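Participant: Pasting a structure below so you can have a look.
Derivation of every value follows stated rules applied to the coordinates shown; laboratory data play no part. Computed from a predicted model, the values in this text were never measured in an experiment. Heads up, the Cβs are rebuilt from the backbone with ideal geometry, glycines too, and the neighbour counts pull from every protein chain shown.
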Amino acid sequence: MASSTKSRKRVLSGMRSTGRLHLGNYVGALDNWVRMQDHYDCFFEVADWHALTTDYADTSRVKENSLEVALDWLAAGLDPERSVIFIQSHVPAHAELHLLFSMIAPLGWLERVPTYKEQRENIKDKDLGTYGFLGYPVLQSADILIYKADVVPVGEDQVAHVELTREIARRFNGFYCRAKDIFPEPQSLLTPAPKLPGTDGRKMSKSYGNTIMLTDPEPVVRQKLKTMVTDPARVRRSDPGNPDVCPVGDLHKIFSDRSTLDKVYEGCRSARIGCIECKSWAADALVRLLVPMQARRKKYEDNPRLGWDILEAGSERARQAAGETMNEVREAMGMSLGYEAPTNK
Ligand code: TRP
Ligand code: SF4
């Protein structure tokens, strides 16, 4: 790694490996990660153990899903030359740190995490009354702290997890670190997430079946746009509409250029354009974004070994960094060798 990156702040973030990504994942996270590579020393993890916290009963797609996520990252512009891109389960030290943290994580802290309560209430088709599910924010704390990350870019729903991470860091440092703290307290960096509606107008989400995937070919994108809901007040072609209450209008605000946006506002409010035309412009903007990504992805689809090689090289770099932290942790907790180990420095 270039020496200039040493002085950079370190970023760690991750996504659960639940398969191919959609535009919501791009706008809510990935696009921001790609830009962060210019300013930070970045670690991005495919969180396959996290996926198991809810989908533990069937692991037949875990490996494939990890690769799909990674390929979408590469397609969007994460650069393995600049960022460490790795698979969580390929860095077993995360599990060791998770175990040690679990000793000091009070149950009350975990039961109070808002996502825990919400998901227990909302997800009824799986039994989430497991040890792993309750402890999953502790695993996330280990993910973050094992790399001593300074900054964690996340969406709103994850801020409480970063807060818990800070509390665990503080507690660990308080118990075991005399001269110098081992763990910094990471800051969450809230990703400015514009409202991205799915084709039915609700928030774009895999569970609603309303997504546009990063891998959708052009005809599929155009077809999805055609069936997308619009301003309900525009029943007839001659009725004026309002892009501010129209999901297609929301897409334009995120993806279209200024002049298209002006045409949309003017034409919709005056009923001079029809929704079909307006949607085709939105589709144009999406296709312009997705085509280069899909071209980049194709190289890896044609040769899956390339993707796995990147993930393995990244995981090796991650194991190295994680290993250094674990040496400090074992030393601080009195679990290193009982005699002075010969140094190789
Ligand atoms: N829990 C995160 C999510 O569900 C994914 C994740 C795993 C993560 N490890 C992380 C995010 C570490 C930030 C930092 O979206
Ligand atoms: Fe929505 Fe465009 Fe139709 Fe206006 S013209 S209602 S912005 S799709």
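Participant: If the cut-off is a Cα-Cα distance under 29 Å, which lysines reach residue 226, setting aside same-chain residues fewer than 8 apart in sequence?
Facilitator: 195, 203, 206, 253, 263, 279, 298
Participant: Quick check: Cα centre of the stretch 35-75 to Cα centre of the stretch 254-296, how many Å?
Facilitator: 31
Participant: Right, here's the next one. What is the distance, in nm, between label points placed 7 Å from the Cα along the Cα-to-Cβ direction at residue 117 and at residue 202?
Facilitator: Each label point is offset 7 Å from its Cα along the Cβ direction, giving 2.3 nm.
Participant: While we're here: Using label points projected 7 Å from each Cα along Cα→Cβ, tell me how many nm separate residue 170 and residue 185, to one decimal.
Facilitator: Going by the 7 Å Cα→Cβ label model, 0.5 nm.
Participant: Shifting gears a bit: What is the calculated FRET efficiency for residue 227 to residue 272, with r their C-beta to C-beta distance and R₀ = 25 Å, to the nearest 0.05?
Facilitator: E(calc), rounded to 0.05, equals 0.60.
Participant: Contour minus end-to-end for residue 302 and residue 156, with contour as 0.36 nm per residue of separation and end-to-end as the Cα-Cα distance? Working shown, then result.
Facilitator: On the way: separation 146, 0.36 × 146 = 52.56 nm, distance 3.63 nm.
Stretched fully, the residue 302-residue 156 segment lengthens by 48.9 nm.
Participant: Below 8 Å, C-alpha to C-alpha, sequence gap of six or more: please give me the relative contact order for the chain in percent.
Facilitator: 21
Participant: I would also like to ask the following. Using alpha carbons only, how many degrees (0 to 90, rounded to 10) separate the axis of helix 93-104 from the longest principal axis of the chain?
Facilitator: Around 80 degrees separate the two axes.
Participant: Hey, another quick one. What percent do you get for the relative contact order of the stretch 216-297 when only Cα pairs under 8 Å and 6+ apart count?
Facilitator: On the way: 80 pairs, mean separation 27.4, N = 82.
Over the stretch 216-297, the number comes to 33 percent.
Participant: Enter the angle in degrees (range 0 to 90, nearest 10) between the Cα long axis of helix 258-269 and the first principal axis of the Cα atoms of the chain, meaning the one along which they spread out most.
Facilitator: It is inclined by approximately 50 degrees.
Participant: Based on Cβ point charges of +1 for Lys and Arg and -1 for Asp and Glu, what charge dipole magnitude is obtained for the stretch 264-328 about its Cα centre, in debye rounded to the nearest 20?
Facilitator: 400
Participant: Further question: How far is helix 304-332 tilted, in degrees, relative to the longest principal axis of the Cα atoms in the chain, given as a value from 0 to 90 rounded to the nearest 10?
Facilitator: 40
Participant: If you don't mind, there's one more thing I want to ask. Please identify, among 188, 66, 89, the residue showing maximal mean-square fluctuation in a Gaussian network model of the chain using a 10 angstrom Cα cutoff.
Facilitator: 89
Participant: Follow-up question, since we're still on this one. Count neighbours as other Cβ atoms within 10 Å of each site's Cβ, and list the trypsin sites (Lys or Arg not before Pro) in the stretch 227-287 that are DSSP loop with at most 12 such neighbours.
Facilitator: 236, 237, 272
Participant: Give a quick list of chymotrypsin sites (Phe, Trp or Tyr not before Pro) in the stretch 108-142 that DSSP marks as loop, anything other than H, G, I, E or B, with at most 16 other Cβ atoms within 10 Å.
Facilitator: Filter output for the stretch 108-142: empty list.
Participant: Classify the chain as rounded, prolate or oblate, taking a ≥ b ≥ c as the square roots of the eigenvalues of its Cα gyration tensor: rounded when a/c is under 1.5, otherwise prolate if a/b is larger than b/c and oblate if not.
Facilitator: Verdict is prolate for the chain.
Participant: To continue, here is another question. Picking from 285, 223, 187, whose Cα lies most toward the positive end of the charge dipole for the stretch 184-340 (charges on Cβ: Lys, Arg +1; Asp, Glu -1)?
Facilitator: In the stretch 184-340, that residue is 223.
Participant: A further question follows. Could you pull out the longest piece of the chain with no exposed loop GluC sites (Glu not before Pro) in it, calling a site exposed if DSSP puts it outside H, G, I, E, B and it has at most 10 other Cβ atoms within 10 Å?
Facilitator: 82-339
Participant: How big is the charge dipole of the chain about its Cα centre, in debye rounded to the nearest 20, if each Lys and Arg gets +1 on its Cβ and each Asp and Glu gets -1 on its Cβ?
Facilitator: Values: 47 positive and 47 negative charges, 154 e Å.
Roughly 740 debye, rounded to the nearest 20.
Participant: For the chain, what is the percent of antiparallel DSSP beta bridges, rounded to the nearest 5?
Facilitator: Approximately 10 percent, going by the DSSP bridge assignments.
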